[in-house]
1. State yes or no: is Gly132 within 16 Å of Ala65 (Cα to Cα), in contact with a strand residue (DSSP E or B) (Cβ under 6 Å, 6 or more places away or on another chain) and assigned to a loop (DSSP other than H, G, I, E, B)?
2. Which one of Arg88, Arg143, Arg156, Arg78 is assigned to a loop (DSSP other than H, G, I, E, B), touching an Asp or Glu at 6+ places or on another chain (Cβ under 7 Å) and at negative phi?
3. Please enumerate the residues belonging to the range 125-138 that are surrounded by fewer than 22 Cβ atoms within 10 Å (Cβ to Cβ) and touching a residue at least 24 places away in the same chain (Cβ under 8 Å).
4. Taking Lys27 as meeting all but one of (1) surrounded by fewer than 12 Cβ atoms within 10 Å (Cβ to Cβ); (2) more than 24 Å from Met162 (Cβ to Cβ); (3) at pLDDT 90 or above; (4) not hydroxyl-bearing (Ser, Thr, Tyr), write down the number of the exception.
5. Of the residues Thr122, Thr71, Thr163, Thr91, which is polar (S, T, N, Q) and crowded, with 21+ Cβ neighbours inside 10 Å?
6. Which of the following residues is open to solvent by 50 Å² or more (accessible area, probe 1.4 Å), within 16 Å of the chain's Cα centre (by Cα) and of a type in the set (Gly, Ala, Ser): Ala101, Ala106, Ala97?
7. Across the range 35-61, what is the total count of residues that are of a type in the set (S, T, N, Q), open to solvent by 90 Å² or more (accessible area, probe 1.4 Å) and at pLDDT 75 or above?
8. Quick check: anything in the range 93-104 free of Cβ contacts under 8 Å to residues at least 60 places away in the same chain and touching a Phe, Trp or Tyr at 6+ places or on another chain (Cβ under 7 Å)?
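The values are calculated or read from the model by the stated rules, or taken from the named source; none is laboratory data. Predicted model, so just to flag it, every value in this text is computed and none were measured. Neighbour counts run over all protein chains shown; Cβ positions are idealised from the backbone, glycine included. What goes into the accessible areas is simple: the full protein's heavy atoms, side chains included, and nothing from ligands, DNA or RNA. Shrake-Rupley method; radii C 1.70, N 1.55, O 1.52, S 1.80 Å.
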Amino acid sequence: MRFPGAIRCLAAAVAVSAVVPIVSCDKKTDEVAEPKTISVSIVNPSPTSNHLTDVAMLSGETAVAVGYRGTIVRTVDRGETWSDLGGRLETDLHGLAFADASVGIAVGDEGTILRTIDGGLTWVPVDAPVEGALNDVCFFDSRHGVAVGSRGALARTADGGMTWEPLASVT
């Protein structure tokens with residue numbers, strides 16, 4: 001499930017420390033007060049160095065992200081910490097969508113389609129009706145969804161992603 005206005009892009013930050021000067025003015029005298037400094041640290045909370053390509057929110061606390069080499073990571077604390085769910089593939093994953101808080105689909109290279117029924121904890125491959133890369137997937141409701149890919153590849157599901165059928169290409 002994607003929430004309107006939710007950020008779909010997950011950027012990995014490098015560990016950075018900085019000292020930031022904070023300057024204030026005394027409005028009564030227009031004098032500048034002595035600068036104060038604070039220390040800011042930004043760290044990468046991801047358990048992987050692989051590129052992450054998509055993220056889907058399952059709730060206000062839980063999200064799943066997918067990426068290169070079959071990477072799947074999950075957070076249950078608003079992104080503070082991430083768990084690597086393992087199960088690496090030879091192919092990259094590009095798109096991710098959840099039909100509800102439990103059922104989700106990840107798509108990627110070589111027609112890869114993976115399905116979860118436990119909120120992203122475990123994933124199983126599903127037969128794909130296309131051979132090329134699938135780049136994204138979305139659900140209209142808990143049963144109906146569509147996947148799109150390279151060279152006009154289109155596939156749809158009417159059973160929450162258990163089975164997929166090809167659609168005529170628009171190109």
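1. Judged against the criteria, Gly132 is not a match.
2. Within the list Arg88, Arg143, Arg156, Arg78, the selection yields Arg143.
3. Val126, Asp127, Ala128, Pro129, Ala133, Asn135, Asp136, Cys138
4. (3)
5. Selected residue: Thr71, the only one of Thr122, Thr71, Thr163, Thr91 that is polar (S, T, N, Q) and crowded, with 21+ Cβ neighbours inside 10 Å.
6. It is Ala101.
7. Total satisfying the criteria: 1.
8. Yes, some residue in the range 93-104 is free of Cβ contacts under 8 Å to residues at least 60 places away in the same chain and touching a Phe, Trp or Tyr at 6+ places or on another chain (Cβ under 7 Å).
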